[in-house]
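S.K.: Got a structure for you, questions after.
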Amino acid sequence: MNALGERIAALIAAQGPISVAQFMTLALHDAQGGYYATRDPFGRGGDFITAPEISQMFGEMLGLWCGQAWVDQGCPKNTRLVELGPGRGTLMADALRALKRVPGFLDEVELVLVEASPTLRDIQRERLKDSGARIRWSAHFEVQESPLLLLANEFFDALPVRQYVKTARGWCERMVVVKDGELDFALAPQITPAAAIPASRAGAPDGGVYETAPAAISLMEEISRTIASHGGAALLIDYGYADAGFGETLQAVRDHRFAPVLADPGASDLSAHVDFTALGEAARHGGAQIFGPRPQGEFLDGLGIGVRARRLIQSHPPEAESLTKAVARLTAPDQMGNLFRAMAVLPPSAPPPPGF
Ligand code: SAH
């Protein structure tokens, strides 16, 4: 067991089994050993590659999407543009370059990057230092009474999930325990009240799993409430599902491969597929309107990524091959085009945004 594993085991010895969500929070964010807190995980040399790291076109399209929403709603003053979990800052750097072409945007809109990791915050600050934009960092999403534009790429999948398993006795929460000196999963002895399980899952067979992300749901509700009352638009892109089954999706990835979830906490990325149905319900509960989820490939095609690629190829002919490959990687159904989906949140009466 590594040092963070030892500390988690000591915590369990002191307070009893911890939830899968608490384990995930410690493994990702512990100040000394947490995955995001201590490293830059992106890119070929890292553990995984995300869309903005594949091509500048991704951030440019998302930036212009925000610019369009702002113009469509009458260029409101005191708008905030918030990015959740900006990684290396690449998406924001590309978005800001594109947003320079939207008159007034960068003068009127406050930029806020929500980042938990001090290591990644430093990387983002360095990446964005020449952007010419005034940027503020925050460790959490803050509710404010003003219009909100929000981008989140591969952020909601990093929020902690709780898992409940259907047994002959009823639903029991899956916990993390220490067994034979190692971290292990075990079911809580007490039964979870049936009222805590949505009706759509009640018919699960024995062994079926109900996975839920309470932090994601309450965050989505806060975002939607703000947009419904003050205007703006949010765009979430993530891998996820719209038809919840009875399976679990929590996974660990290290060096571009799957790894065991509990081994060496903090050494691999932990994430879970996003439940778009649950997030959509939370958004409607917050009073907003949702569009999608739509496959990322269709969404980017709808925004005109093909046209943007042709323009870039005309001005940089030697990059034709790499640009064509990047478009395929982001949009082809057998690459990222289908697995990743885009969902937009808008005020109740807004017309469909670009790409939906
Ligand atoms: N959007 C980036 C990075 C995705 S990885 C990209 O597409 O490349 C997830 C990002 O969210 C990282 O920056 C991570 O540090 C941050 N993060 C994860 N959980 C967080 C939380 N609870 N609060 C704030 N930031 C978080």
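S.K.: Output the residue which, of all residues in segment 238-280 that are surrounded by fewer than 20 Cβ atoms within 10 Å (Cβ to Cβ), under 15 Å from the mean Cα position of the chain (by Cα) and assigned to a strand (DSSP E or B), is nearest to the ligand (Cβ to nearest atom).
M.R.: Checked segment 238-280; the qualifying residue nearest to the ligand (Cβ to nearest atom) is TYR239.
S.K.: Restricting to segment 40-53, and then to whatever is open to solvent by 40 Å² or more (accessible area, probe 1.4 Å) and within 10 Å of the ligand (Cβ to nearest atom), can you tell me which residue is farthest from LEU106 (Cα to Cα)?
M.R.: Only one residue fits best here, namely ASP40.
S.K.: Can you pull out every residue in segment 1-20 that is in contact with a helix residue (DSSP H, G or I) (Cβ under 8 Å, 6 or more places away or on another chain) and surrounded by 21 or more Cβ atoms within 10 Å (Cβ to Cβ)?
M.R.: Listed by number, the list holds a single entry, ILE8.
S.K.: Can you name every residue in segment 23-39 that is of a type in the set (S, T, N, Q) and away from the ligand (no atom under 13 Å from the Cβ)?
M.R.: Matches in segment 23-39: GLN32 only.
S.K.: Continuing with this model, one more query. In segment 172-206, how many residues are in contact with a Ser or Thr (Cβ under 8 Å, 6 or more places away or on another chain) and farther than 16 Å from MET24 by Cα?
M.R.: The number of residues fulfilling the criteria is 3.
S.K.: I'm told LEU235 meets every condition in (1) touching a Ser or Thr at 6+ places or on another chain (Cβ under 8 Å); (2) open to solvent by less than 60 Å² (accessible area, probe 1.4 Å) except one. Can you identify the failing condition by its number?
M.R.: Evaluating LEU235 over (1) touching a Ser or Thr at 6+ places or on another chain (Cβ under 8 Å); (2) open to solvent by less than 60 Å² (accessible area, probe 1.4 Å) leaves (1) as the failure.
S.K.: Kindly provide the set of residues from segment 308-356 that are among the β-branched types (Val, Ile, Thr), in a helix (DSSP H, G or I) and surrounded by 20 or more Cβ atoms within 10 Å (Cβ to Cβ), ordered by number.
M.R.: Scanning segment 308-356 gives VAL327, THR331.
S.K.: Additional query: Spot the failing condition for PHE105; the list is (1) among the hydrophobic types (A, V, I, L, M, F, W, C); (2) touching a Phe, Trp or Tyr at 6+ places or on another chain (Cβ under 9 Å); (3) modelled with pLDDT of 95 or more; (4) open to solvent by 20 Å² or more (accessible area, probe 1.4 Å), and only one is missed.
M.R.: Checking PHE105 against (1) among the hydrophobic types (A, V, I, L, M, F, W, C); (2) touching a Phe, Trp or Tyr at 6+ places or on another chain (Cβ under 9 Å); (3) modelled with pLDDT of 95 or more; (4) open to solvent by 20 Å² or more (accessible area, probe 1.4 Å), the one that fails is (4).
S.K.: One residue is enough: does segment 72-87 have a residue meeting the conditions away from the ligand (no atom under 16 Å from the Cβ), in a loop (DSSP other than H, G, I, E, B) and either among the basic types (Lys, Arg) or over 19 Å from THR226 (Cβ atoms) (or both)?
M.R.: yes
S.K.: Need pairs with beta-carbon distance below 8 Å; first residue in a helix (DSSP H, G or I) and within segment 172-194, second among the hydrophobic types (A, V, I, L, M, F, W, C) and surrounded by fewer than 13 Cβ atoms within 10 Å (Cβ to Cβ); sequence gap 6+ or separate chains.
M.R.: ALA194/ALA202
S.K.: Name the pairs whose Cβ atoms lie under 6 Å apart, with the first residue in segment 144-167 and within 30 Å of PRO189 (Cα to Cα), the second basic (Lys, Arg) and more than 8 Å from the ligand (Cβ to nearest atom), and 6 or more positions between them or separate chains?
M.R.: Once the first residue is within 30 Å of PRO189 (Cα to Cα) and sits in segment 144-167, its partners that are basic (Lys, Arg) and more than 8 Å from the ligand (Cβ to nearest atom) give GLN163/ARG174; VAL165/ARG174.
The values are calculated or read from the model by the stated rules, or taken from the named source; none is laboratory data. Bear in mind the structure is a predicted one, so any value in this text is a computation, not a measurement. Neighbour counts run over all protein chains shown; Cβ positions are idealised from the backbone, glycine included. Quick note on the areas: whole protein, heavy atoms, side chains included, nothing else; ligands and nucleic acids left out. Shrake-Rupley method; radii C 1.70, N 1.55, O 1.52, S 1.80 Å.
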